[in-house]
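The values are calculated or read from the model by the stated rules, or taken from the named source; none is laboratory data. Predicted, not measured: the structure shown is a model, and the values here were computed from it. All Cβ positions, even for glycine, are placed from backbone atoms using ideal geometry, and neighbour counts span all protein chains on display.
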Amino acid sequence: MEIRNKSKYSYILMVFFAIGICVILYAIVFEKENLPVYNPVDFNPELVDASIRNTASDHTVADFELVNQNGKIITQKDYENKIYVTDFFFTRCPSICPIMSNNMEELQNIFLNENDVMFLSLSVTPVLDSVPILRRYAEKHGVLDSKWNITTGDKKHIYNLARKSFFAAVDQGDGGLQDFIHTPNFILVDQEKRIRGVYDGTKDEEIERIIQDIALLLKD
């Protein structure tokens, strides 16, 4: 009788162990297949404007009005129901920006036939980066006008977007003459204007990660 009870007890343990393994595996798969939705509270506080630092839900990218490489006004309407990657750059940057732009070009080519994937670059020196200069930069990096907007605009507006929408700037500022943003971040935005990932746009492994994450969003 004692042996039979031990056998029954062992069987119950094995069942619970199997159930536990299944739960763990399901959690791992579920986590991989569902990207997080980022809100201000999820970021390093240094990256978030103090006015929204404790916001824990419902964050979306604010409306914007920019000018692209063709002199066309670009707004959220141009990105409606699109997945897109945003970065901040300037054409005279000799260090990280050329690497970032090359990687953005790579992403553009990978998702060339995905109409739901676009790209948005914002100049952090908009006074210097005029439309003709952006046009030359766009041609240098193989920009397709239907996929990728390289933009200029009002500096305070752009810097406000960086700090309150995309969380791409560590330092605080007012968008004035002495204010300057320099960041390697690529920010992934989904069809509902929510942030779904932040990546170092200068690193190959991060570009691979963003490719995988865009593919996941395309499945939604």
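For the stretch 122-164, the set of residues classified as touching a Lys or Arg at 6+ places or on another chain (Cβ under 8 Å) and surrounded by fewer than 21 Cβ atoms within 10 Å (Cβ to Cβ) consists of T125, V127, L128, listed by residue number.
Take the conditions (1) buried (at least 19 other Cβ atoms within 10 Å of the Cβ); (2) more than 18 Å from the chain's Cα centre (by Cα); G71 misses just one of them, which is (1).
For the stretch 36-68, a residue qualifies if it is over 18 Å from L188 (Cα atoms) and in contact with a Ser or Thr (Cβ under 8 Å, 6 or more places away or on another chain), and the qualifying residues are E65, L66, V67, N68. Cβ-Cβ distances below 9 Å connect the following pairs, each with a first residue in the stretch 39-68 that is closer than 23 Å to Y84 by Cβ, a second residue that is modelled with pLDDT under 85 and acidic (D, E), and a separation of six or more residues or different chains: P40/D49. Taken over the stretch 105-132, the criterion of being in a helix (DSSP H, G or I) and farther than 22 Å from I210 by Cα is satisfied by V131, P132. Within the stretch 109-144, how many residues turn out to be free of Cβ contacts under 8 Å to residues at least 24 places away in the same chain and within 19 Å of Q76 (Cα to Cα)? Final tally of qualifying residues: 1. The residues listed here are K164, K156; of these, the one that is under 15 Å from the mean Cα position of the chain (by Cα) and modelled with pLDDT under 95 is K164.
Assessment of the stretch 107-126 against the conditions (polar (S, T, N, Q), modelled with pLDDT of 95 or more, within 15 Å of N68 (Cα to Cα) and assigned by TED's automatic domain parsing to the domain that holds F166) yields at least one matching residue. Give the stretch 77-93 a look and list any residue that's more than 11 Å from the chain's Cα centre (by Cα) and at pLDDT 95 or above, or say none. K77, D78, Y79, E80, N81, K82, listed by residue number.
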